[in-house]
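Input: a single structure, listed below in structure tokens.
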Amino acid sequence: MKLSLLLALSLLPLSCEKRLALASSGITLQELANRGANMARVKRMLQFLQEEQTVHVCFWGMDGYPPMLYQMENPPFRLMYNKVLPEGSAQLLSLCGTRYPDGQGAQRAYRFALETCANNTTLVTSNSRGVDRTALYASQDLKVNSFVICDCGLATRRVKAYRALPFVSLLSPYEPDDVAFPSRCLSRNMLTTALGNATMVIQAPRKSGCMHCATSALDQGKDVFVHREGIGGGALDDGTTFLAEMGAPSISSFSELAPYLGWETHFRVNEKRGGAKTLYRFGPAWYSLSYA
């Protein structure tokens, strides 16, 4: 089946099932154009995929399409990505937090992410600044893959810097030049929580966008956890406290989270205030790993 045909189908306001049925019916590009598919946008996507040899595209129903997304009410028909796609058998943890953490919030994000990545668990997070980006520092320090779900296209300046990172796999349901705006951020949140086995909230004000991640995860029947160190703190932790009061389990490390999900802990993180016999540093703290 021609790539141009599938790209054109992705532009029609139809369910994934109806798009696939049309693709199997022998419909032509001209017929899709008559139905409203914008051929200029199809041409731009084809051009982008030809110019960017590291970027690929996967469609709903294809081998490799993340199986977790089939559970969504409205899954994306088209996913552009630059390295690999999430597998259903993998341990995946969605992690989120405020874009403006305080020093303690950033520190706990790094430490928690470091321990998570050290224990064969892949982070699923966003391309936003703050807690999400701090978690990526940990996965990069360990040289392990993490998934970044984008709220914009892969040709935008917003994500070009991420494409240069060796251990980040970018996923975007948007066209290459689509810029971020609020509704796309919300859709990104839903995709992020759909891919993870559970969602971890590190630090969140009551009106933070990552509270939508928590709501989305709960709507999908996924577990939501909060970081214990933020409970009862200041305004930056009001959302975290609220989730805990509503029943979200509070944990302070991956080793506490793992039993909830049937996962194993092989390594623990040790924090020091000096660099001797340590491998990783974030802010004022140094970290090392030891067997659990």
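The values are calculated or read from the model by the stated rules, or taken from the named source; none is laboratory data. Please read all numbers here as calculations on a predicted model, not as lab measurements. Reconstructed Cβ throughout: ideal geometry from the backbone, glycine too, with neighbour counts over all protein chains shown.
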Condition set within 14 Å of residue 99 (Cα to Cα) and surrounded by fewer than 24 Cβ atoms within 10 Å (Cβ to Cβ), scope the range 183-207, selection nearest to the chain's Cα centre (by Cα): answer is 185
Looking only at the range 119-135, how many residues end up being part of a helix (DSSP H, G or I) and surrounded by fewer than 24 Cβ atoms within 10 Å (Cβ to Cβ)? 1
What are the pairs, 6+ residues apart or on separate chains, where a residue within the range 14-38 that is closer than 24 Å to residue 73 by Cα has its Cβ under 8 Å from a residue that is in a helix (DSSP H, G or I) and among the small types (Gly, Ala, Ser)? 37/8
At least 3 residues that are under 30 Å from residue 258 (Cα atoms) in each: list the helices (runs of 4 or more DSSP H) lying fully within the range 4-103 that qualify. none
What is the residue count in the range 143-156 for residues that are under 19 Å from residue 282 (Cβ atoms) and surrounded by fewer than 20 Cβ atoms within 10 Å (Cβ to Cβ)? 2
Would you check if residue 180 is among the small types (Gly, Ala, Ser) and either over 23 Å from residue 9 (Cα atoms) or assigned to a helix (DSSP H, G or I) (or both)? no
Checking 100, 70, 81, 65 in turn, the sole residue that is within 19 Å of the chain's Cα centre (by Cα), surrounded by fewer than 15 Cβ atoms within 10 Å (Cβ to Cβ) and not assigned by TED's automatic domain parsing to the domain that holds residue 192 turns out to be 70
Taking the options 32, 7, 46, name whichever one is farther than 26 Å from residue 124 by Cβ and surrounded by 16 or more Cβ atoms within 10 Å (Cβ to Cβ). 32
In the range 162-182, residue surrounded by the most Cβ atoms within 10 Å (Cβ to Cβ) [restricted to those that are among the hydroxyl-bearing types (Ser, Thr, Tyr) and out of contact with any Gly (no Cβ under 8 Å at 6 or more places or on another chain)]: 169
From 198, 214, which residue is at pLDDT 95 or above, small (Gly, Ala, Ser) and under 18 Å from residue 91 (Cα atoms)? 198
Unmet requirement for residue 26, which otherwise passes all of (1) among the small types (Gly, Ala, Ser); (2) exposed (fewer than 14 other Cβ atoms within 10 Å of the Cβ); (3) within 25 Å of the chain's Cα centre (by Cα): (3)
Taking the conditions exactly as written (closer than 21 Å to residue 86 by Cβ, in contact with a helix residue (DSSP H, G or I) (Cβ under 8 Å, 6 or more places away or on another chain) and either crowded, with 17+ Cβ neighbours inside 10 Å or in contact (Cβ under 8 Å) with a residue 60 or more places away in the chain (or both)), does residue 159 satisfy them or not? no
Pick from 261, 236: which is in contact (Cβ under 8 Å) with a residue 40 or more places away in the chain and either out of contact with any strand residue (DSSP E or B) (no Cβ under 8 Å at 6 or more places or on another chain) or under 19 Å from residue 97 (Cβ atoms) (or both)? 236
Search the range 259-292 for residues being among the aliphatic types (A, V, I, L, M) and closer than 10 Å to residue 115 by Cβ, and hand back the single one that is surrounded by the most Cβ atoms within 10 Å (Cβ to Cβ). 269
